[in-house]
Amino acid sequence: MNFLKPPPEKIEVTVQGIAASQGIAYGQIFVYIQSDVEVPSYQVEPERRLEEVSRFDRALVSTRQQIAKIQGEVEKNLGAQEALIFDAHLMALEDPALIGETIRVFESTGQNIETCFNQVSQRYVQAFAKFEDEYLRERASDIRDVAQRVLQNLLGQAENSLSRLADKRIVVANDVSPSDSASIDRSAAIALVTDSGSKTSHAVIVARSMKMPAVVGVRNLTKRAHNGDWAIVDGYDGVVILNPSESTLFRYGKIQEKKKSFEARLMEANRELAVTLDGVAVSLMANIEKVEEVAQVKAYAAEGVGLYRTEYLFLNSARIPTEQEQFLAYRAVAQAIAPQPVVIRTLDLGGDKPMEGNPDLFPKENNPFMGFRAIRFCLENLEIFKDQLRAILRASACGNVRIMYPMISGSEEMVRANAVLTECMAELKSRDIAFDDKLQVGAMIEIPSAAMTADILAKECAFFSVGTNDLIQYLLAIDRVNERIAHLYEPTHPAVVRTLKYIVDEAHKRGVTVSVCGEMAGDPVFAPLLLGLGVDALSMSPAWLPSVKYMVRAMTMADARALAAEALTLASPKEIYARCDAFYRARVKVE
Ligand code: PEP
Ligand code: MG
């Protein structure tokens with residue numbers, strides 16, 4: 001045996017993915033397989049059926065022990081009240097209907113116990129989700145949680161939760177759904193790596209908002225990496241290095257030092273105003289999805305919130321939040337940010353943001369990105385839409401609130417949405433409830449038909465906010481979360497540049513302002529192009545404000561306009577990207 005050779009599993013392996021969120025992390029890996037893992041289905045031989053039932057019993061006991069342990073920890077760390085929630089989980093495990101029914105299905109079909117339990121628990125979740133009574137509806141998510149745990153135990157999988165990581169960990173996942181990413185343990189996750197996904201998937205948006213390095217599209221890494229393996233995640237170059245050698249660690253240490261001193265320079269410049277070298281002030285705003293992110297908006301000195309994604313209130317819940325619950329969240333943000341503006345976007349569920357646990361409201365679709373989502377859903381579910389509009393209107397009495405509708409496809413939809421808003425205003429007036437009756441109402445421009453009719457739409461809007469994440473996907477027919485075609489998702493495609501120019505020109509002719517709130521706005525390589533095209537404001541994850549502000553302060557608007565004018569004459573996305581990159585490198589030195 002050759003003792004000089006490290007054991008095979010310790011050999012350094014470099015895997016290339018897509019750089020999605022900048023930064024470098026070094027640590028141990030936690031492999032996360034998304035909850036609805038495939039449940040294998042097979043027949044159990046009659047002589048093994050007794051053992052199959054014992055296997056089920058053992059999984060129930062382990063689940064009970066795990067939940068009791070978590071309950072103990074939560075009680076110790078957060079208090080008895082918070083720990084009470086786990087009583088409901090323990091009760092679900094004792095539920096004779098759920099457990100007894102599983103055994104009955106098993107006895108009559110002879111299928112493996114995972115399949116039977118999965119069938120029965122899903123039926124229960126769906127039945128509970130339909131109840132009028134709020135308490136009963138909430139039981140749906142308890143049962144779903146517990147069922148996942150039981151299935152993991154049956155399948156011999158490690159306890160699996162992104163919201164309760166044991167220690168600082170690099171999360172390596174096959175995929176991370178929006179609801180998973182919303183509940184990610186922000187104190188323990190130090191980097192995110194996913195087999196699938198792209199730069200604009202919501203997990204990445206969350207990682208960027210946390211300034212957490214992220215690499216996506218690293219096919220099959222979940223199959224190669226193991227819990228506890230050490231790794232470097234390089235979110236600048238989109239590289240993951242498993243079991244890095246001493247010399248690699250040294251090299252990365254040096255890179256990190258340089259980046260850190262650059263970051264310090266960025267933070268220093270962030271105290272200054274966002275004004276170009278030729279004296280043009282630029283408005284830099286923040287994207288948020290949770291009330292708690294208001295602290296970051298302030299810490300990074302944003303000039304207000306340009307996009308408040310409200311669907312995150314809904315994603316982790318088996319039920320629709322009430323008007324009052326929504327009002328409290330919106331008011332908290334409006335009050336904290338006042339007098340600066342907060343642009344509250346109405347529900348954008350569906351597509352890449354499915355509302356899990358509500359199959360009645362969101363039935364399965366073949367093509368959810370082109371399906372029943374966002375404003376289309378709201379205009380057909382007027383009760384839900386009106387609850388949200390009233391909540392936003394009420395919050396407008398406590399700050400500088402604006403409303404924005406997502407996925408508007410043309411002016412008729414805008415007129416219909418505004419008619420509902422007018423009804424809500426009339427209702428509140430008749431009940432003597434205060435709201436800002438001058439609040440501005442705008443549209444997201446993220447569907448090509450809206451972009452192409454920007455001149456018509458401008459008549460109905462106070463402002464436009466361009467959602468480049470979706471606009472690029474629809475213009476180029478590139479699914480924004482499909483890693484196989486991620487290389488074709490090109491923000492500098494001439495079609496994108498020309499469309500942006502058209503939107504800005506048509507809006508400005510009619511006195512309508514234009515901001516960009518897609519991920520493109522938070523990238524200092526693209527910001528000069530957007531500003532050069534005439535965009536009035538950029539809205540991004542708060543953590544990216546310093547890089548963009550640094551760029552703004554290092555350029556002249558005249559140069560940015562020249563860059564945009566040149567980009568409009570170029571034929572290839574690569575050429576336009578090269579010009580943007582050269583513009584950036586000539587002004588910003590990391591060394
Ligand atoms: C966009 O599409 O660019 C956008 C900002 O909205 P979301 O990413 O939430 O779809
Ligand atoms: Mg969008």
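Based on what the data block shows, is residue 535 within 16 Å of ligand 1 (Cβ to nearest atom), in a loop (DSSP other than H, G, I, E, B), closer than 30 Å to residue 291 by Cβ and not polar (S, T, N, Q)? It would help to see each step written out before you state the result.
Details: within 16 Å of ligand 1 (Cβ to nearest atom): yes; in a loop (DSSP other than H, G, I, E, B): yes; closer than 30 Å to residue 291 by Cβ: yes; not polar (S, T, N, Q): yes.
Yes.
Is there a residue being within 13 Å of ligand 2 (Cβ to nearest atom), touching a strand residue (DSSP E or B) at 6+ places or on another chain (Cβ under 8 Å), in contact (Cβ under 8 Å) with a residue 60 or more places away in the chain and under 22 Å from residue 342 (Cα atoms) anywhere in region 425-443? Reasoning before the result, please.
Kept after step one, since they are within 13 Å of ligand 2 (Cβ to nearest atom), are these residues of region 425-443: 443.
Applying the additional criterion that residues be touching a strand residue (DSSP E or B) at 6+ places or on another chain (Cβ under 8 Å) yields 443.
Now restrict to residues that are in contact (Cβ under 8 Å) with a residue 60 or more places away in the chain: none.
Checking region 425-443: not a single residue is within 13 Å of ligand 2 (Cβ to nearest atom), touching a strand residue (DSSP E or B) at 6+ places or on another chain (Cβ under 8 Å), in contact (Cβ under 8 Å) with a residue 60 or more places away in the chain and under 22 Å from residue 342 (Cα atoms).
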Original post:
Out of region 548-591, which residues are among the aliphatic types (A, V, I, L, M), closer than 25 Å to residue 265 by Cβ and open to solvent by 30 Å² or more (accessible area, probe 1.4 Å)?
Top reply: 558, 582, 586, 590
Original post:
Which number in (1) within 16 Å of ligand 2 (Cβ to nearest atom); (2) at pLDDT 95 or above marks the one condition that residue 352 misses?
Top reply: (2)
Original post:
Taking helices (runs of 4 or more DSSP H) that fall entirely within region 165-253, which contain at least 1 residues that are touching a residue at least 12 places away in the same chain (Cβ under 8 Å), under 14 Å from residue 13 (Cα atoms) and more than 13 Å from the chain's Cα centre (by Cα)?
Top reply: 221-224
Subject >> Options 307, 347, 361; residue that is under 22 Å from residue 420 (Cα atoms), open to solvent by less than 30 Å² (accessible area, probe 1.4 Å), part of a loop (DSSP other than H, G, I, E, B) and in the same structural domain as residue 437 (by TED's automatic domain parsing) >> reply: 347
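Going through 447, 478, 485 one at a time, which residue ends up being within 30 Å of residue 366 (Cα to Cα) and more than 16 Å from ligand 2 (Cβ to nearest atom)?
Answer to the selection: 485.
Pick from 441, 481, 466, 420: which is surrounded by fewer than 20 Cβ atoms within 10 Å (Cβ to Cβ), closer than 28 Å to residue 502 by Cβ and of a type outside the set (Asp, Glu)? Reasoning before the result, please.
On the way: 481 fails: surrounded by fewer than 20 Cβ atoms within 10 Å (Cβ to Cβ); 466 fails: surrounded by fewer than 20 Cβ atoms within 10 Å (Cβ to Cβ); 420 fails: closer than 28 Å to residue 502 by Cβ.
None of the others qualify; the one that does is 441.
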Original post:
Which of the residues spanning region 330-344 are among the small types (Gly, Ala, Ser) and either open to solvent by less than 10 Å² (accessible area, probe 1.4 Å) or within 14 Å of ligand 2 (Cβ to nearest atom) (or both)?
Top reply: 334
Original post:
Only one of these conditions is not met by residue 503: (1) touching a helix residue (DSSP H, G or I) at 6+ places or on another chain (Cβ under 8 Å); (2) within 19 Å of residue 279 (Cβ to Cβ). Which number is it?
Top reply: (2)
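Determine, yes or no, whether residue 490 is outside any strand (DSSP E or B), acidic (Asp, Glu), under 22 Å from the mean Cα position of the chain (by Cα) and surrounded by 15 or more Cβ atoms within 10 Å (Cβ to Cβ). Can you show your working first?
On the way: outside any strand (DSSP E or B): yes; acidic (Asp, Glu): yes; under 22 Å from the mean Cα position of the chain (by Cα): yes; surrounded by 15 or more Cβ atoms within 10 Å (Cβ to Cβ): yes.
Against the criterion (outside any strand (DSSP E or B), acidic (Asp, Glu), under 22 Å from the mean Cα position of the chain (by Cα) and surrounded by 15 or more Cβ atoms within 10 Å (Cβ to Cβ)), residue 490 qualifies.
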Original post:
Given the conditions (1) free of Cβ contacts under 8 Å to residues at least 60 places away in the same chain; (2) open to solvent by less than 10 Å² (accessible area, probe 1.4 Å); (3) over 21 Å from the mean Cα position of the chain (by Cα), and given that residue 471 satisfies all but one, which numbered condition is not satisfied?
Top reply: (3)
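The values are calculated or read from the model by the stated rules, or taken from the named source; none is laboratory data. Source: prediction; values computed, not measured. Positions of Cβ are generated from backbone atoms using ideal geometry, with glycine treated the same way; all protein chains shown enter the neighbour counts. Ligands, DNA and RNA are excluded from the accessible area calculation, which covers all protein heavy atoms including side chains. Shrake-Rupley method; radii C 1.70, N 1.55, O 1.52, S 1.80 Å.
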